[in-house]
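Notes to accompany the following structure.
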Amino acid sequence: MTAGASTAPPAAAVPFTVLDAGDPELMAELMTTVERVALDSAFTLGAEVERFEREFAAYCGTGTAVGVSSGTSALALTLTALGLGPGDEAIVPANSFVATAEAVSATGATPRLVDVDEETELLTAELCEPAIRPRTRCVIPVHLRGRTVELDPLLALCRERGVAVVSDACQAHGARYRDRPVGSYGDAACFSFYPTKNLGAWGDGGAVVTDDEWLAERVRSLRSHGEGRRRNRHETVAGTDRLHALQAAILSVKLRRLDDCTARRRSAAAELRAALAESAVGLPAAPDTHGDHVFHLFSVRSRARDALRDHLAGERVATAVHYPTPIHLQPAYRALGLGPGSLPASERLARESLSLPLFPTISAAQIERVATAVSSFGR
Ligand SMILES: *Cc1c(COP(=O)(O)O)cnc(C)c1O
């Protein structure tokens, strides 16, 4: 091309995700909210946290929600409240974020890592059953990427064996199973409000939702120095794991928009799926008959994942890998003694999975750019 010839400007890069700053109207409302809470100066528990807890419990179809400092602490405090401790085991899928296992370890119990179903990428009752042993106290189904675990067989198995079920719903805000929100099943469900999650705060936050008022009361005590209903009376040795009032106020505003955001994620996922139907990548499995998918992540599969990722970076399409190393191969869990090859489906997913850009404000043009870039790989 000769110097000075007119060329079209390069298309803008497609970011992996866009948070609240991409929505000016929402930002204005959130800034007003932050100012109101700051002027009130009631930062610790109190009315903002209680209001969000009521709203989130109603949204999840549970009797109670308890706001805590993160998704990890939601899981850890729930397991502690259920009485897990040294010598106990909890079943965790190896194809998850490391926090699911960390929460078990935080109680002194041991995570028993099991493989996942290759197609759905999730835990199943069949995979769980052989791992249940006399000291198994809990199973933690992880609704990874926003796709729900097939819960009916799992709940039946755990009921029969006297094992608790605590959902890790940190990627599944708003997902439903049968006719109810996924958080309303089992003993409790745990959510994260990490900024990039489908319901994200401006920092860390989390919640436990449950119908078990006794369990909720224990978690409430554990999040704040083991204090019981009586002020200054500390029933157990605990710590500081409260949801911040500023985060609660922000989350109340964003909860009102969550269903709309989920609908936009679903329609973007449907467009992406259609546009990639002829491409060489493996597409996410459709939900089970009773299940749901809220597309926290839209992850495809490729044997040439790393080369595909480089190709997309060259096309200025941002991607991410969730997660490059399954939990059992992390150095932190070396002591469990599960080497390479022990949980093959989780290991293949770690090698082949690639998450594409998908967020509520993604445009049709951005979706088309992603699909074109993926389809041109290897051509
Ligand atoms: C984000 C996440 C967590 C942990 O949540 P934090 O708020 O970051 O502590 C746990 N499990 C899964 C599946 C997650 O995605």
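The values are calculated or read from the model by the stated rules, or taken from the named source; none is laboratory data. Remember, it's a predicted structure, so these values are computed and weren't measured experimentally. As a convention, Cβ positions derive from the backbone with ideal geometry for all residues, glycine included, and neighbour counts pool all protein chains shown. What goes into the accessible areas is simple: the full protein's heavy atoms, side chains included, and nothing from ligands, DNA or RNA. Shrake-Rupley method; radii C 1.70, N 1.55, O 1.52, S 1.80 Å.
Could you list, in sequence order, the residues of the range 283-304 that are part of a strand (DSSP E or B) and basic (K, R)? Explain how you work it out, then say what you get.
Residues of the range 283-304 that are part of a strand (DSSP E or B), as a first pass: 293, 298-301.
R301, the sole residue that qualifies.
Could you list, in sequence order, the residues of the range 13-30 that are more than 13 Å from S252 (Cα to Cα), over 25 Å from the mean Cα position of the chain (by Cα) and assigned to a helix (DSSP H, G or I)?
So the first thing to find is which residues in the range 13-30 are more than 13 Å from S252 (Cα to Cα), and the list is 13-25, 27-28.
Then drop every residue that is not over 25 Å from the mean Cα position of the chain (by Cα), which leaves 13, 24-25, 28.
If the condition is that a residue be more than 13 Å from S252 (Cα to Cα), over 25 Å from the mean Cα position of the chain (by Cα) and assigned to a helix (DSSP H, G or I), then P24, E25, A28 are the ones that fit.
Restricting the range 225-267 to residues that are in contact with a strand residue (DSSP E or B) (Cβ under 8 Å, 6 or more places away or on another chain), under 29 Å from M31 (Cβ atoms) and among the aliphatic types (A, V, I, L, M) leaves a set whose member that is surrounded by the fewest Cβ atoms within 10 Å (Cβ to Cβ) is A245.
Which residue, of A38, A58, A21, A28, is among the aliphatic types (A, V, I, L, M) and at pLDDT below 95? Steps first, please.
Details: A38 fails: at pLDDT below 95; A58 fails: at pLDDT below 95; A28 fails: at pLDDT below 95.
Sole residue among the options that is among the aliphatic types (A, V, I, L, M) and at pLDDT below 95: A21.
Taking first residues from the range 252-270 that are touching a residue at least 40 places away in the same chain (Cβ under 8 Å) and partners that are of a type in the set (S, T, Y) and not in a helix (DSSP H, G or I), the Cβ contacts under 8 Å between residues at least 6 apart in sequence or on separate chains come to R264/T361. Of the set (1) within 12 Å of the ligand (Cβ to nearest atom); (2) touching a Ser or Thr at 6+ places or on another chain (Cβ under 6 Å), all apply to Y177 but (1). Against the criterion of being more than 11 Å from the ligand (Cβ to nearest atom) and buried (at least 23 other Cβ atoms within 10 Å of the Cβ), V163 does not qualify.
For R223, only one of the following conditions fails: (1) over 11 Å from the mean Cα position of the chain (by Cα); (2) within 16 Å of the ligand (Cβ to nearest atom); (3) under 15 Å from L123 (Cβ atoms). What is its number? Condition not satisfied by R223: (3).
Would you be able to say whether some residue in the range 231-240 is under 19 Å from T78 (Cβ atoms) and within 12 Å of the ligand (Cβ to nearest atom)? I'd like the intermediate steps shown before the answer.
Keep residues of the range 231-240 that are under 19 Å from T78 (Cβ atoms), which gives 235-240.
When the remaining residues are screened for being within 12 Å of the ligand (Cβ to nearest atom), the result is none.
No, the range 231-240 has no match at all.
Can you tell me which residue among A280, A318 is modelled with pLDDT under 95 and over 30 Å from S224 (Cβ atoms)? Checking each option against the conditions leaves just A280.
Restricting the search to the range 180-204, which residues are within 22 Å of R264 (Cβ to Cβ), assigned to a strand (DSSP E or B) and within 9 Å of the ligand (Cβ to nearest atom)? Steps first, please.
First, pick out the residues of the range 180-204 that are within 22 Å of R264 (Cβ to Cβ): 181-183, 191-202.
Next cut, assigned to a strand (DSSP E or B) only: 181, 191-192.
Matches in the range 180-204: F191, S192.
Does A207 meet the test of being within 13 Å of the ligand (Cβ to nearest atom) and either within 30 Å of L39 (Cβ to Cβ) or at pLDDT below 95 (or both)?
Values: within 13 Å of the ligand (Cβ to nearest atom): yes; either within 30 Å of L39 (Cβ to Cβ) or at pLDDT below 95 (or both): yes.
Considered against the rule, which asks whether it is within 13 Å of the ligand (Cβ to nearest atom) and either within 30 Å of L39 (Cβ to Cβ) or at pLDDT below 95 (or both), A207 comes out as yes.
Are any residues in the range 146-158 outside any strand (DSSP E or B) and either open to solvent by less than 10 Å² (accessible area, probe 1.4 Å) or within 16 Å of the ligand (Cβ to nearest atom) (or both), and if so, which ones? Give the steps one after another, and end with the answer.
To start, the set of residues in the range 146-158 that are outside any strand (DSSP E or B) comprises 146, 148-158.
Selection gives G146, T148, V149, L151, L154, C158.
Residues that are closer than 24 Å to G200 by Cβ and buried (at least 16 other Cβ atoms within 10 Å of the Cβ): does the range 339-351 have at least one? No, the range 339-351 contains no residue that is closer than 24 Å to G200 by Cβ and buried (at least 16 other Cβ atoms within 10 Å of the Cβ).
Per the conditions (1) open to solvent by less than 60 Å² (accessible area, probe 1.4 Å); (2) at pLDDT below 95, the sole criterion not satisfied by L222 is (2).
Among residues of the range 159-178 that are part of a strand (DSSP E or B), those with a beta-carbon under 6 Å from a residue that is of a type in the set (D, E, K, R) at least six positions away or on a different chain give the pairs A164/D187; V165/D187; V166/D187; R176/D292.
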